[in-house]
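Everything below concerns the one structure shown next.
The values are calculated or read from the model by the stated rules, or taken from the named source; none is laboratory data. What you see is a predicted model; the values in this text were computed from it and never measured. Every residue, glycine among them, receives a Cβ derived from its backbone with ideal geometry; neighbour counts consider all protein chains shown. Please note that ligands, DNA and RNA were not included when accessible areas were found on the heavy atoms of the full protein model with its side chains. Shrake-Rupley method; radii C 1.70, N 1.55, O 1.52, S 1.80 Å.
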Amino acid sequence: MAENTNLMEKIVALAKRRGFIYPGSEIYGGLANTYDYGPVGTELLRNIKDLWWKNFVQRRDDVVGLEASLISHHKIWEASGHTAGFADAMIDCKNCKGRMRADHLLENYIESLDPAVSAEVINSLGVKNKDLVVALKTGKVEGLPIEALENIRANLSNLPKKPLVCPNCGENDWTPIRKFNQLFPVQLGIVEGEQGQAYLRGETAQGMFINFRNVVDSTRVRLPFGIAQQGKSFRNEITPGNSVFRTIEFDLSEIEYFFDPEVTKWEEVFENWKKTIYEFVTKQVGVKEENLRWRPHTDEERSFYSKRTEDLEYKFPFGFKELWGLAYRTDYDLTQHMNLSRKDLAITDPQTGKKIVPHVIEPAVGMNRLMLMTLADAYSEDDKRVVLKLDPKIAPYKVAVFPLLANKTELIDKAKQVFNELNAHFVVTFDDRGNIGKRYLYQDEIGTPWCVTVDFDSLEDGAVTVRDRDTMEQERVAIRDLASYFTQKLG
Ligand code: GAP
């Protein structure tokens, strides 16, 4: 565990040092749970978002895109259940006034029970400790109602174990657990009273449901089909921590995949999406399979309207955590919006004339969390260097071009020429600062797969040295062949 905490610290330090991720509002002392993306972080995040969009929208003939407003009508969130139920369980430490999520506090406590509580002790807890028994067996309490969390907390004293202390100050003096709504309200200036009350969207999903009729009426889509959206979502998250894993604003990418459950088996749609998501993460983003696992939600944590929910989890340095959620939301959302808006969102099958409210399966993933995963998965170090072994598809720069020496005009001119030629095909960077060794180390740390050096021989033979990030092997390649050489490598 200490080693992994260490790894997380190293990733956070690298992210700051090399311009991937900076703390938000830093010069004013920071703003909790906000982050800014530096030059290479912006490229990496953009590459991940573009890869998602290409794979899940542009390369498919059954998914169309959408870009809905971030500021949205309060009724959308009433219909979806967010104003009433989109709440975290919050608990405050009375001693240091630290506020945290009660479910995460309890999960961390259970995880810290090492060795795990024996089956004998669990069995002895009996039915009145049912919630605690489930929590001890699964290690999960996220999503449980407040009463169940309070029940677990109250019954921890039945375990032969230390008290539940505050991770900040070490005291055991807590307020009751209570709800904290995560939606960000916005008061619009143009309308007075309740009508002026809007919300920053808490998810992109609702944009797809409220525009369902618009999309059906304005395009040629036919069931089964998906509507996809990628964009900022806002959640007033209580618990800070772990860099961009959980933040108050983040880039969410979601697909609502609509189908007629009488024609298409939901189990098949669900399994297909599982396969598609897994292939994207392993083959496109290039993440190691041993760090991934699917985890079905327990009955207790699954939303009441969902028939099945599974999370693809990634083994972050701080443990296996949700990366990508896949949920069968039935016809819940469309029905809710029909009821509240009194608009008909049912569609008519052109062949049979049958009217149906389609069911939906929803893959949802945070792009920033995907990015943090790529940093963790790609991080490698030995006694000589730190290397980010990012998949070239998502690396911020594909190629770095250097003149061997920074004070030789003829080398710089030639290197600029190579840079301009490559720049027409790929995102390329140029560096003539310091010596070659330092430039390699810098490019390794930002994950640039290939470095090209223009030397004195290049002026004679029209060839350059290409150095591979992972193997550190070097080869001579003719300048005229460089573009096709890298195109081939990038697949
Ligand atoms: N429409 C369903 C939905 O939004 P979710 O599990 O709340 O589901 C989906 O979120 C994904 O969004 C998560 O799997 C995670 O990748 C990402 N995510 C959720 N909350 C986040 C936060 N506060 N910061 C960063 N990413 C977040």
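A few remarks follow.
- Scanning region 271-288 for residues that are within 16 Å of the ligand (Cβ to nearest atom) and touching an Asp or Glu at 6+ places or on another chain (Cβ under 8 Å) yields a count of 3.
- Residue in region 184-203 that is of a type in the set (Ser, Thr, Tyr) and assigned by TED's automatic domain parsing to the domain that holds ASP299 present: yes
Yes/no matrix, rows are residues, columns are (1) open to solvent by less than 70 Å² (accessible area, probe 1.4 Å); (2) of a type outside the set (S, T, N, Q); (3) closer than 19 Å to ASN95 by Cα:
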{"residue": "LEU113", "(1), (2), (3)": "yes, yes, no"}
{"residue": "GLY143", "(1), (2), (3)": "yes, yes, no"}
{"residue": "ALA148", "(1), (2), (3)": "yes, yes, no"}
{"residue": "LEU159", "(1), (2), (3)": "yes, yes, no"}
{"residue": "GLU171", "(1), (2), (3)": "no, yes, yes"}
{"residue": "LYS179", "(1), (2), (3)": "no, yes, no"}
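- Flag if ILE76 is open to solvent by 10 Å² or more (accessible area, probe 1.4 Å), at pLDDT 95 or above and touching a Leu at 6+ places or on another chain (Cβ under 7 Å): no
- If you go through region 243-263 and pick out every residue that is more than 8 Å from the ligand (Cβ to nearest atom) and of a type in the set (A, V, I, L, M), you end up with 2.
- Residue match in region 369-380 (condition: more than 16 Å from the ligand (Cβ to nearest atom), of a type in the set (Gly, Ala, Ser) and either more than 30 Å from VAL263 (Cα to Cα) or open to solvent by less than 20 Å² (accessible area, probe 1.4 Å) (or both)): yes
- Test: LYS49 is surrounded by 17 or more Cβ atoms within 10 Å (Cβ to Cβ), basic (Lys, Arg) and part of a helix (DSSP H, G or I): yes
- Qualifying residue in region 217-228 (condition: open to solvent by 20 Å² or more (accessible area, probe 1.4 Å), more than 11 Å from the ligand (Cβ to nearest atom), more than 30 Å from THR42 (Cα to Cα) and assigned to a helix (DSSP H, G or I)): yes
- Of the residues making up region 202-216, those that are in a loop (DSSP other than H, G, I, E, B) and near the ligand (Cβ under 8 Å from one of its atoms) are GLY202, GLU203, THR204.
- Matching option when the condition is in the same structural domain as GLN229 (by TED's automatic domain parsing), part of a helix (DSSP H, G or I) and hydrophobic (A, V, I, L, M, F, W, C), among ILE110, ILE76, ILE122: ILE76
- Breaking point among (1) under 17 Å from TYR257 (Cα atoms); (2) without any contact (Cβ under 8 Å) to a residue 12 or more places away in the chain, for LYS162: (1)
- The criterion of at least 2 residues that are touching a residue at least 40 places away in the same chain (Cβ under 8 Å) and open to solvent by less than 20 Å² (accessible area, probe 1.4 Å) is met by the following strands (runs of 3 or more DSSP E) wholly inside region 243-335: 249-259, 308-316, 319-330.
- Every listed requirement among (1) open to solvent by 40 Å² or more (accessible area, probe 1.4 Å); (2) within 32 Å of the chain's Cα centre (by Cα) is met by LYS414 save one, (2).
- Selection count where residues are open to solvent by less than 10 Å² (accessible area, probe 1.4 Å) and near the ligand (Cβ under 9 Å from one of its atoms), scope region 229-242: 1
- Single residue of region 7-41 satisfying the filter (in a loop (DSSP other than H, G, I, E, B) and within 16 Å of the ligand (Cβ to nearest atom)) that is farthest from ILE248 (Cα to Cα): PHE20
- Taken as a whole, the structure leaves GLN197 outside the set of residues that are in contact with a strand residue (DSSP E or B) (Cβ under 7 Å, 6 or more places away or on another chain) and within 10 Å of the ligand (Cβ to nearest atom).
Results for (1) of a type outside the set (D, E, K, R); (2) in contact with a strand residue (DSSP E or B) (Cβ under 7 Å, 6 or more places away or on another chain); (3) not assigned by TED's automatic domain parsing to the domain that holds GLY19, shown as yes or no for each residue.
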residue: MET338; (1), (2), (3): yes, no, no
residue: LYS343; (1), (2), (3): no, no, no
residue: THR352; (1), (2), (3): yes, no, no
residue: VAL360; (1), (2), (3): yes, yes, no
residue: PRO363; (1), (2), (3): yes, yes, no
residue: MET373; (1), (2), (3): yes, yes, no
residue: LYS384; (1), (2), (3): no, no, yes
residue: VAL387; (1), (2), (3): yes, yes, yes
residue: LEU390; (1), (2), (3): yes, no, yes
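Residue-wise test of (1) of a type in the set (Gly, Ala, Ser); (2) in a strand (DSSP E or B); (3) in contact with a Pro (Cβ under 9 Å, 6 or more places away or on another chain).
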{"residue": "LEU149", "(1), (2), (3)": "no, no, no"}
{"residue": "LYS162", "(1), (2), (3)": "no, no, no"}
{"residue": "CYS166", "(1), (2), (3)": "no, no, no"}
{"residue": "ASN172", "(1), (2), (3)": "no, no, yes"}
{"residue": "PRO176", "(1), (2), (3)": "no, no, no"}
{"residue": "PHE180", "(1), (2), (3)": "no, yes, no"}
{"residue": "PRO185", "(1), (2), (3)": "no, yes, no"}
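- Exclusive hit being open to solvent by less than 50 Å² (accessible area, probe 1.4 Å) and of a type in the set (Lys, Arg), set ARG153, ARG201: ARG201
- Being within 21 Å of the chain's Cα centre (by Cα) and within 16 Å of the ligand (Cβ to nearest atom) is a property that holds for ALA364.
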